[in-house]
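Encoded as structure tokens, the structure appears first; notes follow it.
The values are calculated or read from the model by the stated rules, or taken from the named source; none is laboratory data. Quick caveat: nothing in here was measured; it's all calculated off a predicted structure. Every residue, glycine as well, gets a Cβ built from its backbone with ideal geometry; the counts of neighbours run over all protein chains shown. What goes into the accessible areas is simple: the full protein's heavy atoms, side chains included, and nothing from ligands, DNA or RNA. Shrake-Rupley method; radii C 1.70, N 1.55, O 1.52, S 1.80 Å.
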Amino acid sequence: MKVCSCDPFFPGPAVGCGEKLKKPDPALLEAQKNRFCKNVLLPCSELPAVCYECNYNKSCESNTNVTADCTPLSSTLCKGSTSIFQRTFNCQFCFLTDSYLHKCTNCTNCNSLDTPRQRYRASCVVDPYTYCVGDRSFLKMRECSFTSGYRWRTAFVFSLILGGFGVDRFYLGHWREGLAKLFTFGGLGIWTLIDAVLVGVGFLTPADGSLYD
């Protein structure tokens, strides 16, 4: 498995991913708590799940409704009573919740176009409003899939109009091939035509291994 460098989903210092990542990055969960658990105008009874400490029954039957006693975290700022609140939720471990509920670090030093797709170990947290059993932060294997702002339509237009000058190659980061196209006038038109077809079918992609936006 390739070791990747990452851009965290939340602001903060970058963390490693891949084989060197042994445990979840605590900064992700702290960022959630700082964002959602510091509202003195919000009643304590209406806080999202990330702001509570609950006595979950970890032996509950999966996908059944369970009730837990929850109290706001000591670091939480909210309005009103901080007594015990009861919450009913579906019994499911946090790392087994639906993927769309997970916010994870994104690897930007891998190739999104490899077949089979490269995978990396990411640090993730579950959605702040989701009640679940176990740790809210966890490690997860994800497919390499990132973008760097390159647009397919822009590359295709460059290839059709300015391909003879290598602009399409320069735009996608293939500067050596761009120079070659520039000094050979697009391979006397042949290279220009080939590149237009390659960009059009999506075969010619950004040099950094990212996907088109």
Inset, instruction - Filter region 16-46 down to residues that are part of a loop (DSSP other than H, G, I, E, B) and in contact with a strand residue (DSSP E or B) (Cβ under 6 Å, 6 or more places away or on another chain) and give me whichever is modelled with the lowest pLDDT. - result: Leu21
Inset, instruction - Can you give me the number of residues within region 157-166 that are buried (at least 19 other Cβ atoms within 10 Å of the Cβ) and assigned to a helix (DSSP H, G or I)? - result: 4
Legend entry - Within region 181-213, tally of residues that are open to solvent by 40 Å² or more (accessible area, probe 1.4 Å) and assigned to a helix (DSSP H, G or I): 10
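Table: residues versus (1) in contact (Cβ under 8 Å) with a residue 60 or more places away in the chain; (2) over 30 Å from Thr147 (Cα atoms).
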| site | (1), (2) |
| --- | --- |
| Gln32 | yes, no |
| Ser83 | no, yes |
| Cys94 | no, no |
| Thr97 | no, no |
| Thr105 | yes, no |
Legend entry - Positions within region 97-114 being open to solvent by 40 Å² or more (accessible area, probe 1.4 Å), assigned to a loop (DSSP other than H, G, I, E, B) and at pLDDT 90 or above, in sequence order: Asp98
Inset, instruction - Hey, could you check region 52-83 for residues that are hydroxyl-bearing (Ser, Thr, Tyr) and not in a loop (DSSP other than H, G, I, E, B) and say which is least open to solvent (accessible area, probe 1.4 Å)? - result: Tyr52
Legend entry - Pick from region 127-150, criterion open to solvent by 30 Å² or more (accessible area, probe 1.4 Å), modelled with pLDDT under 90 and assigned to a loop (DSSP other than H, G, I, E, B), ranking: nearest to Cys60 (Cα to Cα): Ser145
Legend entry - Selected residue (only one of Arg121, Arg117 is modelled with pLDDT under 90, under 30 Å from Tyr212 (Cβ atoms) and not in a loop (DSSP other than H, G, I, E, B)): Arg121
